[in-house]
Every structure is written in C-alpha cells, then in structure tokens.
Amino acid sequence: MSDQLLIRRGDRTVPITVFARTSATPGTAFRVIVPIDLSAVFRPWGPFPGIAGVEGQTAAWDRAGVSRRPRFTDGSEAVETLTEYTDGHGFAYQLTGFTNVLARLASGVRGEWSFLPDGTGTMIRWTYEFKPLPGRRWIIAGPFTPLWARYMQAALDRMITVVEEVPDR
C-alpha cells in the first residue's frame, strides 16, 4: 500500500494528538475501539458534524486495504481506508475525498491509534495528521487545531466509556 499513502516524508503536515487512559488491557481496548459504532461516539460538536453511519465497507475492519465511507450528519462523506493493522497494538487509516469544508482545507488525513500498556491498564494515543492544501496550513495549524482537538477528545472520551463497560478478558 505504500505507493498509495497520502502522507510522505517531507510533507508539512499538521498533527493533532489526544490521549486517554483506561483500566482495560491494551488488547481489550483495541478489540472494543477498532470495530466501534462511529455514529455512537462521533456526535456533532461546535462547527463539526457527527457521523450518521458508515456505508460500503469492503470487508471486516481488520487488515490494510479495507475501505468504507463514513457519512456525516451534515450529509457529507469521505473515504476511509485502513493502511496498517497490528492486532492488539494499533492501526492507521487515511481519510480522503471529503465532500464538506475539509475538502477546501486538506487533501486528506492520516489517523493513527496506539494502545500502550500503562500499569494494569492502557494509554491510548490517537493522532489525526492533516495534509493541508497549498496556502491552507495556517488555518489548520492555527484556529482549527484547538477546536478539532476538543472534537477528537470528546469522541475518545465516549469510546473510553464503552471500553470501561466491557469485562476485561
């Protein structure tokens, strides 16, 4: 898949990272979050839409190359493709083909999740790395970043609530 990767060495990207801890093991947190119902955790916040649902998923969300189309609550959509998957440890994906305002700001986004041991629980790290369009980096790196970080953190906090409700195995 490396010839299809959105972001390459030397690109001037804007990464936004959020963190959360859970008492669940890394394996449990991973198994709950990877297939989570996106519409249950991505709700509208501030200027950003939630996710209404997902369409066109090509296979189980458990290996590089699988794709799907998240549909947003404002009627827009994007294409999401899983680019990396390491069972129990992390995964990465890219989002392209936005039909909302993000299409005017970035050519796409690389998302990356890590599930790291933290005592008897897990530290989860989630990064959204935006690839800005020419002349748009200042918007994403400036006023957009703190708003997007709050949107991400709210979604991650909802995911942690779901993880905490699952018995650890």
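Rule-based calculations on the coordinates, nothing more; no lab input. It should be emphasised that the depicted structure is a prediction, and the values quoted were computed from it without experimental measurement. Neighbour counts are summed over all protein chains in view; Cβ atoms, including those assigned to glycine, are modelled from backbone coordinates with ideal geometry.
So if the hydrodynamic radius of the range 1-79 is defined as the Kirkwood radius over C-alpha pairs, what does Stokes-Einstein give as its diffusion coefficient at 37 °C and 0.692 mPa s, in µm² per second?
215
Go ahead and set up a Gaussian network model of the chain, Cα springs under 10 Å, then flag whichever of ASP11, ASP37, ASP157 fluctuates most.
Result: ASP11 has the largest fluctuation of those listed.
Could you check the spin-label model distance between ALA20 and ASN100? Points 7 Å from the Cα along Cα→Cβ, value in nm.
1.8
Rounded to the nearest 20 Debye, what is the dipole magnitude of the chain about its Cα centre when Lys and Arg each give +1 and Asp and Glu each give -1 at the C-beta?
Value, rounded to 20: 580 debye.
Please state, to two decimals, what the Cα-based radius of gyration of the chain comes to when divided by 2.2 N^0.38 Å (N = residues). Provide the component values of the computation, followed by the final result.
Working: Rg = 15.5 Å, N = 169, 2.2 N^0.38 = 15.5 Å.
With N residues counted in the chain, Rg over 2.2 N^0.38 Å equals 1.01.
What number results when the radius of gyration of the range 121-162, computed over Cα atoms, is divided by 2.2 N^0.38 Å?
Values: Rg = 13.0 Å, N = 42, 2.2 N^0.38 = 9.1 Å.
So the range 121-162 has a normalised radius of gyration of 1.43.
If you stretched the chain out fully between ASP37 and VAL166, how much longer would it get, using 0.36 nm times the residue separation minus the C-alpha to C-alpha distance?
Details: separation 129, 0.36 × 129 = 46.44 nm, distance 1.46 nm.
Length gained between ASP37 and VAL166: 45.0 nm.
Taking 0.36 nm per intervening residue step and subtracting the Cα-Cα distance, what contour gain separates HIS89 from SER76 on full extension? Mind dumping the intermediate values first?
Details: separation 13, 0.36 × 13 = 4.68 nm, distance 3.10 nm.
Once the chain is fully extended between HIS89 and SER76, it gains 1.6 nm.
Quick one, can you get me the convex hull of the C-alpha atoms of the range 89-169 expressed as volume per residue in Å³?
Values: hull volume 9.2 nm³, N = 81.
Convex hull of Cα atoms, per residue: 114 Å³.
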